[in-house]
Each structure stands twice: as structure tokens, then as C-alpha cells.
1. Return the residues of region 52-108 that are over 17 Å from MET1 (Cα atoms), among the charged types (D, E, K, R) and part of a loop (DSSP other than H, G, I, E, B); say none if nothing qualifies.
2. In region 111-159, what residues are outside any strand (DSSP E or B), more than 14 Å from the chain's Cα centre (by Cα) and in contact (Cβ under 8 Å) with a residue 60 or more places away in the chain?
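Read the figures in this text as sums done on the coordinates, not as results from a lab. This structure is a prediction, so every number in the text was calculated from the model and none was measured. Glycine gets a Cβ as well: all are built from the backbone with ideal geometry, and neighbour counts include every protein chain shown.
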Amino acid sequence: MKNLELRIKNSELKVVNSAAIFSFLNSRFLICVAVFAFTALMAGNSRAEENLRFRFQPGDKYFLSLATEYKKVQAADGNEQASEQINRLGCDLDIEEVDVNGYAMARFAYRKSAIKVRMPGLSFDFDSGSGDIKIHTQAIPAKAVIGESFYIRITPQGRLVKITGLPAVISSAKSKIPVGFPERDAALE
């Protein structure tokens, strides 16, 4: 198995006299980040893309590690409040078919997720591999996508040309979210 890793880290961001809202990780975000990160890893920059060529083979397996870190300091009425969010996502990418032009059909599966949030009034940690029964409600959508998968078609240059099965992932993950969960219908849309 080959490992690919993408780290997105912002430097400390200062927001002054703003009512900025710190958004939480939800499963829609997981899907977008995972697909974007895979495309970025595979494609590289535009000049490198001319020379970049993957020789996918059926049976190739990749493990994709994605990490995003956000730190923000917000000043309002003379008080500074710090917020931090660290998200980690681990996905499997299994190449199932490769056509004569080198285009690969791959299964993209969510294997693990971890979230760390530290902000005024809210602090929690979530790790899908820990086996904890009780998790923070903000982590429920992230837990719901673990084990779900969809298919992507990739060119030898790493461009994503097709995604198949994403509505089924959203539907399946949504069915795992408890009925009493606030904003259940919006959690994965």
C-alpha cells in the first residue's frame, strides 16, 4: 500500500471586531476535502501536470492521510478569544480497473476520522478509532461517513473526471445519524 499525505495548515488568523462563525466539520466537508485533496495530490501544479503520469494498475492500494489545522484569534470589545480546530481524515483508494488509456476506476472509502476543537464554550476530541460510545454531537456526521465509499474515475495525469455513488454515501451516512439529532437533514447536504 502506498501512502499519500496532504496537510493544510493556516497560520494564526486574527479577526478584529467581527462576528465570524467558526464552522464545524461535517460530512459534506469531509467529502469535499477528500476529493479536493486527492485531486491536488495527484495533479500537482499545472507545469508539473505535463510531465506527471501515473501508471495505475488494478489492485494498487493507496492510503490517503488528510490533515487540516485552523487557528483563529478573534478580538471583540477588547477581548481576544482563540479558536483551534484540527481535522484528520484517513481514506483508502483502491484501484479496481484501468482502461487502455490509463484511466483508473477507483473505490474511495473513508477509513478513519479525528477532530479536535478548542474554542470558547466548546471543547471536544473525537477519534473514530477509539471505540468511544459517547461522542460529542458535532462529531456525529464525521462518524457517520466512516466505512462509506464511492467511486472516482482518474486520468493518468491525476485529474478527477467522474464521481459515482456520492448520493448513496450521503443517504447511508444520514441513516446512521440519530433521528433526534438537531439539523439531521442538513448535516450531510
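1. Residues satisfying the conditions are ARG53, ASP77, ASP99.
2. GLN138, PRO156, GLN157, GLY158, ARG159
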